[in-house]
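Right, one structure below, let's go through it.
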Amino acid sequence: MSSLSVVLVILGIYMVVMVGIGLAGRKYGGSMNDFMTAGKQGTLLLVTGSYIGSHIGNGIVVGGAEYGAVYGIGGMWFGVGAALSYLLFSAVMSRRVYRGNCVTLSDMLEQRYGDKVTTILMAVLNGAANTAVMAGQIMAGKRLFEYIGVNPVLGAIITTLIVIIYSSMSGLWGVMMTDVIQSTVIFITVIVTVIFIGSQGGFQLMAQNLPAESFQMVPFSMETFIMMLGPTALYGLVSSAAFQRTVSCKEEKTAVMAPVIAACMIIPFVVLPVLIGMYGKALWPDAANGTIIFQVLFEAMPPVLAGLLIASICAAVMSTCDGGLVTITANIVSDIYYKHINPQASEKTLAKMTTWSTVIVGLIALILSLQFSSIISLLSMAYTFMTAGGLVMIAGGILWKKGTTQGAIASFLIGIACVIVNKMGLQMPMASIFPILPSLIAYVAVSLMTQPKKG
């Protein structure tokens, strides 16, 4: 059986299993609250696996292989940043989010600042950013289908519909359960792939054919190092996916330990996709870096192993998309519709709104993915806007008691303005994280000027 046949068979089986999980999890998504919190059924295994599934997808696997081809072993730092984001979230946010029962970022801002403006701003920003992230993941899946000879548009449509089906039926529980399965598949297949590479003399080949800088831990400038590590790590403080996973936990201990365990599992794993990319570069020096992992799988791996790993990459697309879909639904239904448009809405109405929002947002992300051509620029834009507009407003509210509503709004507007000006052509040092500085200055200055009068 050819690699393509194996891939198609495995993908078919996998997608049927995902729909089955959605059907099985319907009891955990009956109400709006259960849909967004998995009915508070998050065990340590379920939540840890879901944390891993959120980051281990196309960023760490496909992106890690690409960085391995470009930078060598130093390409692992993006993945390390992803792990650090979880450690940062656990240390700063987990207990506060769990005890405050904050389903979304907007919930936390409402508790802290007590106004509508900050909550609506965050809901809109978060929804837009996560829609862009979803679209970027669908684009990655589209390229995968194109590479294996399947109509990419058809593949993207099928993948999106499967995600919509199981997410709309079971909500966060379905997301977390599928994340556990997807993470397991990816871990096993990537490890087996690297073992196979070693058994074929791949490490010796890398040593012979790659330049010495490919084996340096930091083969680039300090600015590149910070840009690769910093934005991903800082995103942990404004990760809406982490908020929802935390509030789904049965116990506070699970909420604190799950991201720590996930980080400890991700850190040693991030080296493996990088090694696959390095192996591909050693075999084919002129190969395209962005698709190097697919070339390794189809031309240097046994068909069954290639089929399993490519299926796991498709799983990674779904793993990221499903979490984003539930997050955006929470922004629309809970943060905007229920809190500010129709607070008297019945549970039945909210459940219908939740289902339809999931379907509509999934279709919007699909349409975006078919319109854009650059995955990296789309994802980079989403993360940059999110950290520039939301990081100081959220972290400042937690860490500084003197922060005010006016300061939060000012930090949001200044951060977003910096990103827009940069996109228009104004050069900034370390542009992905630089807007945080003026955002912080605005937060502190405006908060100090708007302190409530005493007595």
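The values are calculated or read from the model by the stated rules, or taken from the named source; none is laboratory data. Everything quoted here is computed from the prediction, not taken from an experiment. Cβ: placed from backbone, ideal geometry, glycine included. Neighbour counts: every protein chain shown.
Quick notes on this one:
- Residue match in the stretch 194-217 (condition: without any contact (Cβ under 8 Å) to a residue 60 or more places away in the chain, surrounded by 15 or more Cβ atoms within 10 Å (Cβ to Cβ) and not aromatic (Phe, Trp, Tyr)): no
- So TYR86, is it within 17 Å of VAL247 (Cα to Cα), of a type in the set (Phe, Trp, Tyr) and buried (at least 20 other Cβ atoms within 10 Å of the Cβ): yes
- Criterion violated by GLY149 - all others in (1) surrounded by fewer than 21 Cβ atoms within 10 Å (Cβ to Cβ); (2) assigned to a helix (DSSP H, G or I); (3) in contact (Cβ under 8 Å) with a residue 60 or more places away in the chain satisfied: (2)
- Residue count for the stretch 240-280, restricted to those that are over 17 Å from the mean Cα position of the chain (by Cα) and not in a helix (DSSP H, G or I): 4
- Taking the stretch 31-108 as the region of interest, the helices (runs of 4 or more DSSP H) fully inside it that hold 3 or more residues being modelled with pLDDT of 80 or more and among the β-branched types (Val, Ile, Thr) are 44-55.
Listed here are the residues, each with its yes/no results for (1) of a type in the set (A, V, I, L, M, F, W, C); (2) in contact with a strand residue (DSSP E or B) (Cβ under 9 Å, 6 or more places away or on another chain); (3) crowded, with 17+ Cβ neighbours inside 10 Å.
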{"site": "MET176", "(1), (2), (3)": "yes, yes, yes"}
{"site": "SER183", "(1), (2), (3)": "no, no, yes"}
{"site": "MET222", "(1), (2), (3)": "yes, no, no"}
{"site": "SER240", "(1), (2), (3)": "no, no, yes"}
{"site": "VAL247", "(1), (2), (3)": "yes, yes, yes"}
{"site": "LYS253", "(1), (2), (3)": "no, no, no"}
{"site": "VAL270", "(1), (2), (3)": "yes, no, yes"}
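- In the stretch 53-88, the residues that are closer than 21 Å to THR178 by Cα and of a type outside the set (A, V, I, L, M, F, W, C): GLY53, SER54, HIS55, GLY57, ASN58, GLY59, TYR86
- The listed residue being free of Cβ contacts under 8 Å to residues at least 40 places away in the same chain, more than 19 Å from the chain's Cα centre (by Cα), closer than 20 Å to LEU229 by Cβ and in a helix (DSSP H, G or I), out of VAL419, VAL392: VAL419
- Residues of the stretch 429-441 that turn out to be out of contact with any Cys (no Cβ under 8 Å at 6 or more places or on another chain), within 25 Å of PHE78 (Cα to Cα) and outside any loop (DSSP other than H, G, I, E, B), as a count: 3
Quick grid of which residues meet (1) at pLDDT 85 or above; (2) closer than 25 Å to THR232 by Cβ; (3) not acidic (Asp, Glu):
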position	(1), (2), (3)
GLN406	yes, no, yes
ALA410	yes, no, yes
ILE416	yes, yes, yes
LEU426	yes, yes, yes
PRO438	yes, yes, yes
SER447	yes, no, yes
THR450	yes, no, yes
LYS454	no, no, yes
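- For the stretch 401-413, the tally of residues that are among the aliphatic types (A, V, I, L, M), surrounded by 22 or more Cβ atoms within 10 Å (Cβ to Cβ) and either at positive phi or free of Cβ contacts under 8 Å to residues at least 60 places away in the same chain (or both) stands at 1.
- Breaking point among (1) surrounded by fewer than 16 Cβ atoms within 10 Å (Cβ to Cβ); (2) part of a helix (DSSP H, G or I); (3) aliphatic (A, V, I, L, M), for VAL444: (1)
- ILE433 meets all of the listed conditions (1) farther than 29 Å from VAL92 by Cα; (2) in contact (Cβ under 8 Å) with a residue 12 or more places away in the chain but one, namely (1).
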